[in-house]
Amino acid sequence: MSLMQIPRKIEYALRAMIYLADRPAGVARGTEIARHEQIPKYYLEKVIRDLMRRGLVQARRGPGGGYQLARAAAQITFRDIIEAVEGPITLNICTDGSSSCALQPTCRMYRVWEKGQRVLLEVFSDTSLSEIASTKIPGSPLTGDTARSESVGKQ
């Protein structure tokens, strides 16, 4: 089976940003993020650099330092994060606005790609980091509900 798949870089960036949004004090060390989110540390550092360049994350030095969101989680969308690490989101080459396909004038698939592009951008633009961070999964270490979920799984 072939899948249309989100690249690991995007997945890691989203997971790291959600982790930061979940922090009560808003600060986390890179090793903590990497360990909790199971992201290779060297890869996390690359992703964090991209997020910093786009003004989504900032580094805090000194004791208690680490990384934190550069602005409120409600003001950061999935689209912001994805484009920070991968550039503009394009479902197919013909929907990027700059390429011209010789088949485009007569292509019967173009309107499907164009609609998919529009819907995809709408979903990513309408999904804020705070919206996702506020949804806790039972059994997650962040919810304090681990014991209950483990006992449920044994029944």
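The values are calculated or read from the model by the stated rules, or taken from the named source; none is laboratory data. Being a predicted model, the structure only gives us computed values, none of them experimental. Cβ coordinates were reconstructed from backbone atoms using ideal geometry, including for glycine residues, and neighbour counts include every protein chain displayed.
Note on the stretch 122-137: among residues that are of a type outside the set (S, T, N, Q) and over 14 Å from the mean Cα position of the chain (by Cα), the one that is surrounded by the fewest Cβ atoms within 10 Å (Cβ to Cβ) is Ile137. Residues that are loosely packed, with under 11 Cβ neighbours inside 10 Å and either over 18 Å from Met4 (Cα atoms) or modelled with pLDDT under 85 (or both) within the stretch 77-102 comprise Gly97, Ser98, Ser100, Ala102, listed in sequence order.
For the structure I just gave you, tell me whether Ile89 is touching a Lys or Arg at 6+ places or on another chain (Cβ under 9 Å), under 17 Å from Asp126 (Cβ atoms), part of a loop (DSSP other than H, G, I, E, B) and of a type outside the set (D, E, K, R). It is true that Ile89 is touching a Lys or Arg at 6+ places or on another chain (Cβ under 9 Å), under 17 Å from Asp126 (Cβ atoms), part of a loop (DSSP other than H, G, I, E, B) and of a type outside the set (D, E, K, R). The residue that is modelled with the lowest pLDDT, counting only those in the stretch 5-37 that are aliphatic (A, V, I, L, M) and over 23 Å from Ala72 (Cβ atoms), is Ile6.
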